[in-house]
Amino acid sequence: MQIKAHLLDLKPYPPGKTVEEIRRDLKISGNIYKFNANENPLGPSPKVLEALQEALLEIHRYPEASYLELKKILAEKWKVNPLQIVLGNGSNEVIEFLFKALLEKEDEIIVSEPSFLMYEKLAEIYDIKVKKIPLKRDFTHNFSEILKRISFKTKVIFLDHPNNPTGSTLKRRDWEEFLREVNFKVLVVIDEAYGEFIEDPEVPLGIEFLKRGYSVLILRTLSKAYGLAGLRLGYGITFEELAQALDKVRQPFNINLLAVKAGLAVLKDEEYLEKSIQIVKEGRRFFKEELEALGFKVFSSQANFLMVDLGERAEKIYQRLMERGIFLRSLKAYGFPNFLRISIGLPEENKFLIQSLKEVLKEV
Ligand SMILES: Cc1ncc(COP(=O)(O)O)c(C=O)c1O
């Protein structure tokens with residue numbers, strides 16, 4: 001047996017710790033406050049819980065293999081044909097389909113640095129070359145540099161919008177200028193994992209560009225605003241030829257029965273979605289005001305998290321908060337040792353974090 005040489009040094013994706021892991025690894029028995037994984041703080045939609053109760057009685061059956069009902073609901077939502085939708089076990093899986101269906105050994109992809117780590121992790125797994133283009137000084141994607149670095153080998157450009165971990169977005173005219181310049185043979189993936197939380201009307205959604213015929217694929221997930229991270233359900237919207245090719249490389253039952261039923265239920269639960277979005281918008285404003293009042297720089301974000309510059313004390317603050325059961329995301333691994341990423345929680349959780357931070361600041 002021989003493991004592929006390019007996999008020998010591969011480091012797996014570093015996920016945010018779960019509550020159970022935190023309790024076990026750090027021996028914390030009190031309350032745990034998770035601001036580290038951009039999850040939905042509301043808990044699941046009550047409609048999902050109801051649907052799952054019923055669905056439990058069917059889990060000895062395979063799900064319906066075409067997932068047509070789910071695709072139809074999504075197609076209606078975006079006013080596209082169901083054949084333009086490809087479903088994944090989390091939007092992560094749709095990213096993987098692109099590697100399976102489009103990318104060959106000599107090809108390369110372009111990503112921003114920093115951005116969502118799975119693009120480059122999957123490139124490592126599939127042994128595809130990655131060109132990393134640093135974000136601009138304002139932490140937005142550097143479109144002009146990306147355009148310069150496209151070569152005949154470039155097949156896919158992955159752009160998370162809002163960007164993870166900074167929360168940054170770009171305006172409609174920037175996207176228009178960029179997409180007009182990109183060769184049609186190159187696919188631009190607009191990853192809108194946090195798209196529901198965009199508030200600025202000048203920030204476009206990728207669907208606009210798909211409908212205008214650009215070579216784009218839009219990624220969406222039910223892990224964030226829809227509160228289904230644990231069930232794993234995401235999708236891509238693109239032109240039919242590509243969606244069909246991606247659909248061919250998926251496993252027959254890649255979306256499990258419970259995820260299908262939960263997805264159908266939550267996509268009809270407008271009240272839950274609105275509440276999720278409202279909590280994030282209010283939480284973003286609250287954190288920005290409070291953290292700026294404490295003298296810290298908060299970067300503008302259209303996502304369900306904020307990046308904040310805590311200066312040289314960042315690591316100490318991170319550790320002290322952790323000792324109190326409050327978990328933020330350190331951005332050391334992204335090359336930003338002074339920055340932390342804070343997922344928006346419930347209003348009372350957000351207040352608790354600020355109160356605890358004030359106490360910790362007296363200690364460090
Ligand atoms: C930018 C971005 N894209 C995609 C994902 C993957 O989401 P999922 O696989 O849960 O749909 C995440 C998760 O955090 C993300 O931040």
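Here are a few things to note about the model shown:
Okay, residues lined up against (1) more than 24 Å from Glu108 (Cβ to Cβ); (2) in a strand (DSSP E or B); (3) within 15 Å of the ligand (Cβ to nearest atom):
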| position | (1), (2), (3) |
| --- | --- |
| Glu196 | yes, no, yes |
| Glu199 | yes, no, no |
| Ile207 | yes, no, no |
| Ile218 | no, yes, yes |
| Asp247 | yes, no, no |
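- The set of residues from the stretch 90-125 being in contact (Cβ under 8 Å) with a residue 24 or more places away in the chain and basic (Lys, Arg) comprises Lys100, Lys121.
- Condition met for Gln2 (more than 15 Å from the ligand (Cβ to nearest atom) and either without any contact (Cβ under 8 Å) to a residue 40 or more places away in the chain or of a type in the set (D, E, K, R) (or both)): yes
- Selection status of Ile109, in a strand (DSSP E or B) and over 18 Å from the mean Cα position of the chain (by Cα): yes
- Enumeration of residues in the stretch 220-245 that are of a type in the set (Lys, Arg), assigned to a loop (DSSP other than H, G, I, E, B) and in contact with a strand residue (DSSP E or B) (Cβ under 7 Å, 6 or more places away or on another chain): none
- Restricting the stretch 88-97 to residues that are part of a helix (DSSP H, G or I) and out of contact with any Asp or Glu (no Cβ under 9 Å at 6 or more places or on another chain), the residue that is surrounded by the fewest Cβ atoms within 10 Å (Cβ to Cβ): Asn92
- When Leu70, Leu57, Leu74, Leu49 are checked against the criterion of being surrounded by 11 or more Cβ atoms within 10 Å (Cβ to Cβ), in a helix (DSSP H, G or I) and without any contact (Cβ under 8 Å) to a residue 40 or more places away in the chain, Leu49 stands alone in meeting it.
- Selected residue [out of contact with any Cys (no Cβ under 8 Å at 6 or more places or on another chain), outside any helix (DSSP H, G or I) and open to solvent by 40 Å² or more (accessible area, probe 1.4 Å)] from Lys100, Lys17: Lys17
So that you can scan it fast, the table gives a plain yes or no per residue for (1) free of Cβ contacts under 8 Å to residues at least 24 places away in the same chain; (2) outside the structural domain of Arg137 (by TED's automatic domain parsing); (3) surrounded by fewer than 19 Cβ atoms within 10 Å (Cβ to Cβ):
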{"site": "Lys261", "(1), (2), (3)": "no, no, no"}
{"site": "Ile279", "(1), (2), (3)": "no, yes, no"}
{"site": "Lys297", "(1), (2), (3)": "yes, yes, yes"}
{"site": "Gln302", "(1), (2), (3)": "no, yes, no"}
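- Leading residue by the ranking (farthest from Ile237 (Cα to Cα)) among those in the stretch 177-194 that are more than 10 Å from the ligand (Cβ to nearest atom) and β-branched (Val, Ile, Thr): Val182
- Of all the numbered requirements in (1) within 16 Å of the ligand (Cβ to nearest atom); (2) touching a residue at least 12 places away in the same chain (Cβ under 8 Å); (3) more than 17 Å from Phe253 (Cα to Cα), Leu87 misses one, and that requirement is (3).
- Output for the stretch 102-129, where each listed residue is within 16 Å of the ligand (Cβ to nearest atom) and among the aliphatic types (A, V, I, L, M): Ile109, Ile110, Val111, Leu117, Met118, Leu122, Ala123, Ile125
- Test: residue in the stretch 98-109 that is touching a Leu at 6+ places or on another chain (Cβ under 6 Å) and either among the β-branched types (Val, Ile, Thr) or within 24 Å of Tyr13 (Cβ to Cβ) (or both): yes
- Here the stretch 23-39 is the region considered, the condition is being within 16 Å of the ligand (Cβ to nearest atom) and open to solvent by 30 Å² or more (accessible area, probe 1.4 Å), and the residue that is farthest from Pro165 (Cα to Cα) is Lys34.
- Scan of the stretch 142-194 for residues that are over 14 Å from Val111 (Cα atoms), out of contact with any Phe, Trp or Tyr (no Cβ under 9 Å at 6 or more places or on another chain) and open to solvent by less than 10 Å² (accessible area, probe 1.4 Å), ordered by number: Glu192
- Test: Gly30 is in a loop (DSSP other than H, G, I, E, B) and more than 24 Å from Ala225 (Cβ to Cβ): yes
- The residues listed here are Phe253, Phe184; of these, the one that is farther than 15 Å from Gly88 by Cα and touching a residue at least 24 places away in the same chain (Cβ under 8 Å) is Phe184.
- Criterion applied to Lys261, Lys288, Lys275 was being assigned to a helix (DSSP H, G or I), out of contact with any Leu (no Cβ under 6 Å at 6 or more places or on another chain) and closer than 19 Å to Ala75 by Cα, and the one residue passing it is Lys261.
The values are calculated or read from the model by the stated rules, or taken from the named source; none is laboratory data. What you see is a predicted model; the values in this text were computed from it and never measured. All Cβ positions, glycine included, derive from the backbone under ideal geometry; neighbour counts span all protein chains shown. Surface accessibility is based on the protein's heavy atoms, side chains included, excluding ligands, DNA and RNA. Shrake-Rupley method; radii C 1.70, N 1.55, O 1.52, S 1.80 Å.
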